[in-house]
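The values are calculated or read from the model by the stated rules, or taken from the named source; none is laboratory data. On a predicted model such as this, the values are computed, not experimentally measured, just so you know. With ideal geometry, Cβ positions are generated from the backbone for all residues, glycine too; neighbour counts draw on all protein chains shown. Note: areas computed on protein heavy atoms with side chains; ligands, DNA, RNA excluded. Shrake-Rupley method; radii C 1.70, N 1.55, O 1.52, S 1.80 Å.
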Amino acid sequence: MIKMLGLRLARLVATLFAVSVITFAMTLLLPGDPINAILPPTTERDPQIVAQIREEYGLDNNIAVRYKDWLNDAVLHQDLGTSYVTRGQKVTDQIKNRVPVTAQLALMAVVIALFFAIPIGVLGAYRQSKWDDQLTSAGMQVALSIPNFIAAIMLGWLFAIKLDLLPNTGWARISKEGLLANLKTSILPATALALTQMAIFSRLVRSDMIATLQENYILSARAKGLPDRFVLFRHALRPSSLSLITIVGINFGALLGGTVVIEQVFSLPGLGSKLLSAISSRDILMVQGITVFIATVYVIVNTLVDLLYIVIDPRIRRS
Amino acid sequence: MTLLDDAKSDTSSPSPSSNTPGKKKRQSPLAVFREMPILVKLSALWVLLIVVGSIYGKIDVLLDDVLPLQDPILQTNAFNPDTLEFGTGTPSENPSLTHWLGTDSIARDGFARIVHGSWVSLIVALVSATFGIVVGGFLGSLVGFVRGKTETIIMSLIDVILAFPALVLLLAMVSIFEVRNLYVISLVIGFLSIPAYTRVARANSLAISNREFVLAAQAIGTKPSKILFREIIPNVYQSLLSYALVAAAFVIVVEGTLSFLGLSVQLPTPTWGNMINEARSNINLTVWPVVWPSLALTFTVLSFNQIGDFFQKRNAVRGSAL
């Protein structure tokens, strides 16, 4: 157990290191002077500012030294540099400011997806190949194939423009405008984001449960005369929840990518919309900072999921 | 030589002595089509329609509009210097006989734009599949067969790329390029497709490397490179092809997303994604210009998913029967 933990942590550190190298290398891929990466090509080149940037980023040092300094600042001082496109915004301040929106969206999406996926998957397994299973399976196939930005636009059109129930754009912070206002602005984006995940989760629960329902202990539970609902949700769902946890972890990356688009559709002040605006203003430092941040979160979440798996499943713990 | 030939023919049937039912060499596409459930059949027809449509549109462009399809970029209400008259179209028209899917906010023909828009999606999917199958397929087959240090090094590299959320890495990479055209977009997406294919190929290669025909080839002293190219890779490719269909669905969504965000090929080239984005600003007035490209995109993704699922199930049944 301890050895396994150690191995997993070592791998985590190695992966994070590699992720940081790749993200750092992005600025080197740009042709010409690295100053081009920091100052966008459209801004005026004041020699004084250029010299100041050269000094601050140590651009005259070699790549290894620059990488070491960058990593040092990032890890020890939580400092990913200062954007020169948006007049001295610190990258980390921007991230801190925008993380709550993205995190809330991703979390809500997972909750919504699971809330619908588990009953649908269980139903599908219980009524395998009957009309209700075929209907929900087909529905999930379609849900899986709708790109999330299309779902977002259509939900926005239906609920905000046609029915005029919810706002189409914008974000109300819980701390300022309260929970209800916040939910009004977050429910549509979270639902749009949840749709694909729901389809993936429910397919998994369904196929997992079909296998579980063949097991002897299910037969004996039924023979004891336990009601079907009890057998399904108490006995059969338990083992399926393990693979569900894994897939939630793996799909977290898709979810983080998804928030980028969804935030753009609903104009939400999250990490994703900042990433996009940084891309369009060629603010490479901001792009670099947000990318490394998102990748780090993703890697850590996946490690936590792995560890959780070990804690939950006694079979793995023993081996 | 004869022994080797035997070992080779083993790839289609497990052991030379037993006559397994799956021995039929290669089914004609029509026979496979008949095997499909009705939904998969419809999906295959839709994909065929899209492929034919996109090629038709491309030929139309190359031959200077000789084929009966409207110009996707022409604003049908614009002034025509030859006839000295304005066009007869109006913006945001409803579907009619002249404009089957109506017109968009600047009076361009919706149907023509949908037909032309499929080109970018399909090319990106094709390039990504080619990169994935050729490079990823080779790398995966190689490391699954030779194992050892090569495997550790290559797979760690692959894992690092997969450690990034796909769309975020793609956005970061696309942001490096100042000019974004079809070459750049399909190359970047193609490059980023390699890791997933490598993983799938490796898993298959690992399984195949332990099969009797590979062991037999090794036992008679066949050169490893020959085993790799003659035994492993042809078998890995079969399962990669069905994976490629599911991956194509994903890639089409990714390209659609990039287009939608305005980070794919430059305007005015029509793509389904940028059509949705352009039509979105007018959604208050009419929703249809958003709906058509959305449906085209969703149907295509759904179709690729369905066909991919069908072939994966079919391969799985075959594999377990061996």
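Listed values, structure above:
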quantity: Surface accessible to a 1.4 Å probe, per residue, for the residues of chain A, Å²; calculated: 50
quantity: Shielding by other protein chains, A:295-305, mean Cβ within 10 Å; calculated: 2
quantity: List of segment A:112-153 residues, accessible area with partners at least 10 Å² below that of the chain alone (1.4 Å probe); calculated: A:141, A:142, A:144, A:145, A:146, A:147, A:149, A:150, A:153
quantity: B:212, B:278, B:231, reordered so the largest accessible area comes first (probe 1.4 Å); calculated: B:212, B:278, B:231
quantity: Rounded Å value of the spacing that divides the Cα centres of segment B:251-313 and segment B:24-56; calculated: 22
quantity: Chain A: angle of helix A:174-212 to the longest principal axis, Cα-based, in degrees nearest 10; calculated: 50
quantity: Share of carbon and sulfur in the accessible heavy-atom surface of the protein assembly as shown [1.4 Å probe, %]; calculated: 65
quantity: Tilt relative to chain A, helix A:2-29 - C-alpha long axis, 0 to 90 degrees, to 10; calculated: 40
quantity: Kirkwood Rh (inverse of mean 1/r, distinct Cα pairs), segment A:99-318, angstrom; calculated: 19.1
quantity: List A:82, B:90, ordered by accessible area with a 1.4 Å probe, largest first; calculated: B:90, A:82
quantity: Ranked order, A:131, B:288 - accessible area, probe 1.4 Å, largest first; calculated: A:131, B:288
quantity: Cα-based helix-to-principal-axis angle, A:284-312 vs chain A, degrees rounded to 10; calculated: 30
quantity: Other protein chain Cβ atoms within 10 Å, averaged over every residue that makes up B:303-313; calculated: 1
quantity: Pairwise burial A:B, computed as accessible area of each alone minus the pair, summed, 1.4 Å, Å²; calculated: 3200
quantity: Peptide B:153-165, shielding by other chains (average Cβ, 10 Å cutoff); calculated: 5
quantity: For residue B:101, distant residues with modelled amide H under 5 Å away; calculated: B:96, B:110, B:111
quantity: Derived scalar couplings ³J(HN,Hα) [segment A:49-55; Karplus, 6.51 cos²θ - 1.76 cosθ + 1.60; whole Hz; x for Gly, Pro]; calculated: 5, 4, 5, 5, 5, 4, 5
quantity: Delta accessible area of at least 10 Å² on complex formation, residues of segment A:264-291, 1.4 Å probe, chain isolated as reference; calculated: A:264, A:265, A:275, A:276, A:279, A:282, A:284, A:287, A:291
quantity: Theoretical gain in end-to-end length, residue A:111 to residue A:161 [0.36 nm per residue, Cα-Cα removed]; calculated: 15.4 nm
quantity: Sites residue A:50 and residue B:226, calculated FRET efficiency, Cβ-Cβ separation with R0 45 Å, nearest 0.05; calculated: 0.15
